[in-house]
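A.B. asks: Submitted below is the structure of interest, expressed as structure tokens.
The values are calculated or read from the model by the stated rules, or taken from the named source; none is laboratory data. Nothing here was measured: the structure is a model prediction, and the numbers come from that model. Heads up, the Cβs are rebuilt from the backbone with ideal geometry, glycines too, and the neighbour counts pull from every protein chain shown. All accessible areas refer to the heavy atoms of the entire protein, side chains included, with ligands and DNA or RNA removed. Shrake-Rupley method; radii C 1.70, N 1.55, O 1.52, S 1.80 Å.
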Amino acid sequence: MLSITANYIADILYQKLNFPIEKKAVYVYGLELIVSTLASMISIILIALWMDRLLDAFIFLTVFISFRVVCGGYHAKTYSRCFFSSIGTFLFSSGLSMVLANSAAVLLLGVFSGAVISLWAPISNSCHPLSYKARKRNRSLALLLFSLSFCWIVYRVFRESISHSLCLLVASIVAVATLMIVAKIQERRKRT
């Protein structure tokens, strides 16, 4: 279904923009990524609406995408696995945010995530390796993003009571760190 949709849109673009036909595969691949990502995001928003937690979806998507772009991590082999793992990651983050109740747990998970990000960010995808310059830039951005987030977390923990949105922020960062760990485990399995 995804491939059919991407090919259909590429055909329309070919007719309208008259791009070289030998570049169609590149357009189809890009369109598959865009459609797959949009489907995941829309599904997460619909699930959050059904759970009456729309704000959770927006916090999760903002935090998760911001960190994920610069940190890297696990990549599914198929679009359907990616779709379901994205939804599962959202449900994991939303569930974790509901059980985080004290500042010690929030801070401990923040430190854990920071350690993972500091040690391994960015994790390259073997299909799309990063150049040295891109790795250096992504690492700097990951550390900056985490530092700003952690300062905000510490400030909120010591200034106010623990809120659900703060717990979801931490849970979303934990989800990124977890996917980084999964990618490292997969990388080690491939070497053996």
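A.B. asks: Return yes or no: is Ser93 open to solvent by less than 50 Å² (accessible area, probe 1.4 Å) and closer than 14 Å to Val170 by Cα?
C.D. replies: Spelling it out, Ser93 is indeed open to solvent by less than 50 Å² (accessible area, probe 1.4 Å) and closer than 14 Å to Val170 by Cα.
A.B. asks: Is it fair to say Arg139 is under 22 Å from Leu61 (Cα atoms), in a helix (DSSP H, G or I), more than 17 Å from the chain's Cα centre (by Cα) and basic (Lys, Arg)?
C.D. replies: Values: under 22 Å from Leu61 (Cα atoms): yes; in a helix (DSSP H, G or I): yes; more than 17 Å from the chain's Cα centre (by Cα): no; basic (Lys, Arg): yes.
No, not satisfied.
A.B. asks: Related question: Give me the residue from the range 99-114 that is loosely packed, with under 14 Cβ neighbours inside 10 Å and touching a residue at least 40 places away in the same chain (Cβ under 8 Å) and, out of that set, nearest to Cys151 (Cα to Cα).
C.D. replies: Step one: filter the range 99-114 for residues loosely packed, with under 14 Cβ neighbours inside 10 Å, giving 99, 101-102, 104, 108, 111.
The next check asks that each one be touching a residue at least 40 places away in the same chain (Cβ under 8 Å); those that pass are 101-102.
Numbers: Ala101: 19, Asn102: 17 Å.
Across the range 99-114, the extreme among qualifying residues is Asn102.
A.B. asks: Would you check which residues across the range 175-189 are in contact with a helix residue (DSSP H, G or I) (Cβ under 7 Å, 6 or more places away or on another chain) and surrounded by fewer than 21 Cβ atoms within 10 Å (Cβ to Cβ) and list them?
C.D. replies: The answer is Ile181, Lys184.
A.B. asks: For Ala6, are the conditions met, namely being at pLDDT 80 or above and either in a helix (DSSP H, G or I) or over 18 Å from the mean Cα position of the chain (by Cα) (or both)?
C.D. replies: no
A.B. asks: If you don't mind, there's one more thing I want to ask. Filter the range 4-20 down to residues that are closer than 16 Å to Ile34 by Cβ and not hydrophobic (A, V, I, L, M, F, W, C), then give me how many there are.
C.D. replies: So the count comes out to 4.
A.B. asks: Further, regarding this structure: Is it true that some residue in the range 9-20 is of a type in the set (Val, Ile, Thr) and either under 26 Å from Phe60 (Cα atoms) or touching a residue at least 60 places away in the same chain (Cβ under 8 Å) (or both)?
C.D. replies: Checking the range 9-20: not a single residue is of a type in the set (Val, Ile, Thr) and either under 26 Å from Phe60 (Cα atoms) or touching a residue at least 60 places away in the same chain (Cβ under 8 Å) (or both).
A.B. asks: Okay, next question. Name every residue in the range 84-131 that is within 26 Å of Leu54 (Cβ to Cβ) and of a type in the set (Val, Ile, Thr), in order of residue number.
C.D. replies: Of everything in the range 84-131, those that are within 26 Å of Leu54 (Cβ to Cβ) and of a type in the set (Val, Ile, Thr) turn out to be Ile87, Thr89, Val99, Val106.
Here's the yes/no breakdown for (1) without any contact (Cβ under 8 Å) to a residue 12 or more places away in the chain; (2) of a type in the set (S, T, N, Q):
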residue	(1), (2)
Thr62	yes, yes
Ile65	yes, no
Ser85	yes, yes
Phe90	no, no
Leu96	no, no
Trp120	no, no
Tyr132	yes, no
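A.B. asks: Any chance you could count how many residues in the range 163-174 are open to solvent by less than 50 Å² (accessible area, probe 1.4 Å), over 12 Å from Phe92 (Cβ atoms) and either touching a His at 6+ places or on another chain (Cβ under 9 Å) or touching a residue at least 40 places away in the same chain (Cβ under 8 Å) (or both)?
C.D. replies: Residues that pass the stated criteria total 6.
A.B. asks: From the residues in the range 148-162 that are of a type outside the set (Asp, Glu) and either in a loop (DSSP other than H, G, I, E, B) or under 19 Å from Gly88 (Cα atoms) (or both), which one is most open to solvent (accessible area, probe 1.4 Å)? Step through it out loud before you land on a result.
C.D. replies: So the first thing to find is which residues in the range 148-162 are of a type outside the set (Asp, Glu), and the list is 148-159, 161-162.
From what's left, either in a loop (DSSP other than H, G, I, E, B) or under 19 Å from Gly88 (Cα atoms) (or both): 161-162.
Details: Ser161: 95, Ile162: 47 Å².
Taking the candidates together, the pick is Ser161.
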